[in-house]
Amino acid sequence: MSITRLDQVLLQKVVKKTRKPEKYIREQISKRANRLAISSEAALVLWAKQQSVGTGTSQRKLSPTIQTEIRETLPAVFSPPARSRVNKEPEIKRNSQKSTVAMAIEYLITDEELRDRCKDLIRASRNFDRVFREATTVLESRIKKLSTVRGLRGADLVSKVINGKLDRAILKVSNEAYEQQGFHDICRGLMLAFRDTTHHDLSNKFRREDALKFCGFVDIILGVLGNAVKQEVI
């Protein structure tokens with residue numbers, strides 16, 4: 001398959017990260033694509049993920065078919081290689097767990113800022129309430145940035161910016177009133193149920209799995225906000 005459609009920005013990021021010539025990178029992408037039976041565009045994104053290069057913006061530009069290729073191939077790419085089991089069971093178990101967590105992070109969190117700020121907290125061994133605190137902070141910050149509203153926080157910010165009434169919403173996510181109201185209720189609920197509690201109290205009730213699931217859901221919310229229409233409200 002031709003690789004002339006490769007995302008040039010992402011390609012240069014991989015070139016810079018690997019310190020390899022662009023010609024070499026292109027050749028390797030072609031080989032990886034053939035080996036995995038996927039498109040070159042998908043192979044580039046997967047290689048970038050392996051190099052811890054942010055791919056969110058580039059990935060969202062790809063067609064649904066290529067995005068599906070990426071999601072379905074991620075487990076194979078991030079699975080640990082087979083190795084001798086002689087006296088290495090503990091090491092294999094540790095490496096396998098790390099690889100599984102890394103794969104889950106890449107699979108569930110496409111927003112670069114969210115992933116960058118939460119991945120080290122997810123990989124930690126405890127105190128996963130910090131993930132909820134950071135993820136809701138990213139969400140709150142994104143709402144402020146997109147709306148340019150200042151001085152409000154949490155649920156009050158959501159009610160102001162993502163108002164359930166279409167003519168009062170600064171960020172409109174849908175032309176349907178019930179969808180706008182539903183998205184408002186979801187975001188306000190997140191702030192009340194998770195943002196406020198984790199910002200003011202410490203908790204040991206959350207597991208790593210909970211943190212991953214929560215980040216995945218916040219990632220969806222951020223994606224919807226990214227497509228919202230800003231409108232002037234009198």
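A few comments on the model shown:
- Test: residue in segment 208-226 that is buried (at least 18 other Cβ atoms within 10 Å of the Cβ) and more than 28 Å from Ile105 (Cα to Cα): no
- When residues of segment 27-57 are limited to those that are touching an Asp or Glu at 6+ places or on another chain (Cβ under 9 Å) and of a type in the set (D, E, K, R), the one farthest from Lys16 (Cα to Cα): Glu41
- Filter pass, Ala169 being buried (at least 16 other Cβ atoms within 10 Å of the Cβ), of a type in the set (A, V, I, L, M) and over 28 Å from Gln59 (Cα atoms): yes
- Filtered by the rule that a residue be in contact (Cβ under 8 Å) with a residue 60 or more places away in the chain, of a type outside the set (Asp, Glu) and assigned to a helix (DSSP H, G or I), segment 152-186 gives a lone residue, Arg168.
- Residue tally, condition outside any helix (DSSP H, G or I), of a type in the set (A, V, I, L, M, F, W, C) and closer than 17 Å to Lys160 by Cα, over segment 202-234: 4
- Screening Lys119 on (1) at pLDDT below 90; (2) assigned to a helix (DSSP H, G or I); (3) touching a helix residue (DSSP H, G or I) at 6+ places or on another chain (Cβ under 7 Å) shows it passes everything except condition (1).
- Out of Arg126, Arg150, one residue alone is modelled with pLDDT under 95, more than 30 Å from Ala48 (Cα to Cα) and surrounded by fewer than 19 Cβ atoms within 10 Å (Cβ to Cβ). It is Arg150.
- Within segment 172-187, restricting attention to residues that are of a type outside the set (S, T, N, Q) and crowded, with 17+ Cβ neighbours inside 10 Å, the residue that is nearest to the chain's Cα centre (by Cα) is Cys187.
- Any chance Glu140 is touching a residue at least 40 places away in the same chain (Cβ under 8 Å), surrounded by 15 or more Cβ atoms within 10 Å (Cβ to Cβ) and assigned to a helix (DSSP H, G or I): yes
The values are calculated or read from the model by the stated rules, or taken from the named source; none is laboratory data. Because the structure is predicted, anything quoted here is derived from the model rather than measured. Cβ coordinates were reconstructed from backbone atoms using ideal geometry, including for glycine residues, and neighbour counts include every protein chain displayed.
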